[in-house]
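These notes concern the structure reproduced below.
The values are calculated or read from the model by the stated rules, or taken from the named source; none is laboratory data. Predicted, not measured: the structure shown is a model, and the values here were computed from it. Neighbour counts are summed over all protein chains in view; Cβ atoms, including those assigned to glycine, are modelled from backbone coordinates with ideal geometry. Accessible surface is based on the protein model in full, side chains and every heavy atom, while ligands, DNA and RNA are left aside. Shrake-Rupley method; radii C 1.70, N 1.55, O 1.52, S 1.80 Å.
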Amino acid sequence: MYLVNTESIPGKEIVEMYGVVSGSTVRAKHVGKDIMAGLKNIVGGELRGYTELLQESRQEAMDRMVQQAKSMGANGVVNIRFATSSVAQGASELYVYGTAVLVK
Amino acid sequence: MKLDYRQPDATVNVSKVSPLKRAVQLFLGLSVTFVTIYVVLGVLVNILAPKIPMSLEQKMGSAILNEWTVGNDNETVNSYKDILVKLVGEEVAATYTIMILEEAELNAFAIPGNIVGVTTGFVEEITDEEMIAFALGHELGHFENRDHIKSYGRLFVLYTMVNTLTGSDGSLATAFLDLLSKTETKFSQVDELRADVYGAALLYDTYGSYDGGIDFFNYLSEDYDGSHIVSYFESHPHPEKRVQRLMDMTELE
Amino acid sequence: MNLIVFIGLIVLGYLAGSAAEKNHYRSIEKRESEMADLPIVTISKLPQNMDATNSRLVNGSVVISIDYFKRILAQLINIVGGKVISYESLVDRARREAILRLKEESRGYDYIINLRIETSTIGNAANSKNGVGSVEVLAYGTAVKVAGNETGL
């Protein structure tokens, strides 16, 4: 599965274009990590628990988008864009979308 | 390149798990966890309570007293003191202070710092010496068992735990606190019955009968409009049950 | 008493929310199949060999609110961690609805290109202690009319 955020895949030819695919996920970290983050608020620095959270979310959202692309018969997704937002306290929402294509 | 527009599988973005099932699972799981932690900590508190120093108790006591207006009915205080001396003797009675609190409802409290609080409602309604003696003895029983320390300890742990874990969001914390306060009343009813036993023993030693206690509960029953089911959730057992316990004790004598 | 009100609100939220959600999804699926002939892509160029005669910016937006049951479930999941399943359907509905509204605005056009989607949370964000009350999605793109053949080559 070709995944790029440019409009065409470098060195390959796009044969067919199928439409928009997207993946989204909302995840939360358990309360222990929230408490650690609260403490980190005092000293500053990377909130590793939440970074992990974003990475997991990103992975899951990408997997869902790829699943959608496969269901259309595509073998690549171009023009991938990410959007994150916080929909609930302590939870992060990640949305990824792109155009599903068939690549030769 | 050809555009062959298609629709994707739109169900991938929503989990197949039923939210209702998940909600029930989580609520039950968390409730069980909280109640277990609470009970365990309750036992721990029971072990630690006797080790609290008197100075700390007095601080707690003064904080609680701030909630009330203290009356200055010295005559009643002195007559109550006399009854207390009859029950436990001069020396022990001197370690306790009796205070009259302005409140219409009939009640008596064991306040940390060896303070026995009695409401003006109590003073007005209860005039029989043996009944007063039983009530005072009952409160002394709470002190003896350090019940007040234990219940404050449990409540403190309870609030801290629930508020930390649920992020003190109003609604969810309320639900769990409600649940745990039901557990707390169970602890409390046991303590109450034990204080009854203590008070009754003092009564018997001083006056030779349990009548003071029995009369007291009969008096409470008349006013008590709660059924047995409601009292299951109250901090004190139903007065009829307390009478029963007392009568059972008299059979044993 | 508090507990009873709490449970009542949850039940009400669950029943009303599930009904609203089911209806919404039905409407979404119906409209998606109706508008299945209006292609939409995120790339910024038309498929080759097309002459564009007309183009304009189109957008669709929607704000969908949470119900009480979903909110409580989200708080419970926040304690133990993991996927917040109650919010998933919320954002999914909002996105699909926004794109459908964008398509509705593009009636008479042949393609929509350069789709972009913005999500934000509004409502109760100021008292963020209780979490968020709603999700807003804005979808925008360029609708293009081409000369001649519409099935594209």
TODO: May I ask for the Kirkwood hydrodynamic radius of the stretch A:2-103, worked out over all distinct Cα pairs and given in angstroms to one decimal?
DONE: 14.9 Å
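Average partner chain C-beta neighbours within 10 Å, per residue of A:28-36? Could you put the intermediate results ahead of the total?
Values: counts 12, 4, 7, 8, 4, 1, 6, 3, 0.
Average neighbour count from other chains, rounded to a whole number: 5.
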Task: Length gained when the stretch B:Glu67-B:Glu90 is fully extended (0.36 nm per residue, less Cα-Cα span) - done: 5.3 nm
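Taking beta carbons within 10 Å but only from partner chains, what does the mean come to for residues A:12-19? Each step should come with its number before you reach the end.
Details: counts 0, 1, 4, 3, 6, 11, 9, 12.
Mean partner shielding for this stretch: 6.
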TODO: Taking H placed 1.01 Å from N in the peptide plane, check which residues at least 5 places from A:Tyr2 or on another chain put their amide H under 5 Å from its amide H.
DONE: A:Gly76, A:Val77
- [ ] Excluding residues on the same chain fewer than 8 positions from A:Lys104, give the lysines whose Cα lies under 26 Å from its Cα.
- [x] A:Lys12, A:Lys70, B:Lys2, C:Lys45
Task: Simple label model, 7 Å out from Cα along Cβ direction - C:Ala52 to C:Tyr25, nm - done: 3.7 nm
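To the nearest 0.05, what FRET efficiency results for C:Leu3 and B:Glu240 with a Förster distance of 25 Å applied to their C-beta separation? Mind showing how you got there, number by number?
Working: r = 27 Å, r/R0 = 1.08.
After rounding to 0.05, the efficiency reads 0.40.
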TODO: Summarise the partner chain shielding of A:66-77 as one whole number: the mean count of Cβ atoms from other chains within 10 Å of each residue's Cβ.
DONE: 3
Task: the stretch C:2-146 - Rg (one decimal) and Dmax (whole number), Cα, Å - done: 18.8, 67
Task: For chain B, with +1 on Lys and Arg beta carbons and -1 on Asp and Glu, the positive-most of B:Met99, B:Ser18, B:Leu87 along the dipole - done: B:Ser18
- [ ] Can you tell me the dipole magnitude for chain B around its Cα centre, using point charges on the Cβ only (Lys, Arg +1; Asp, Glu -1), in Debye to the nearest 20?
- [x] 2440 debye
Task: Accessible surface buried once A binds B (1.4 Å probe; total of both sides; Å²) - done: 1500 Å²
Task: Vicinal HN-Hα couplings computed from phi for the stretch B:54-63 (Karplus, 6.51 cos²θ - 1.76 cosθ + 1.60; Hz; Gly/Pro x) - done: 4, 4, 5, 4, 5, 5, 4, x, 5, 4
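Exceeding 20 Å between C-alpha atoms, which entries from my cross-link table qualify? They are B:Lys21/C:Lys70; A:Lys33/B:Lys16; B:Lys16/C:Lys83; A:Lys33/C:Lys83; B:Lys59/B:Lys150. Provide the component values of the computation, followed by the final result.
Details: B:Lys21/C:Lys70 12 Å; A:Lys33/B:Lys16 26 Å; B:Lys16/C:Lys83 12 Å; A:Lys33/C:Lys83 15 Å; B:Lys59/B:Lys150 16 Å.
Violating the 20 Å limit, Cα to Cα: A:Lys33/B:Lys16.
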Open item on the list: At 7 Å along Cα-to-Cβ for each site, give me the label-to-label distance between B:Asn107 and A:Lys40 in nm.
Closed with: 4.6 nm
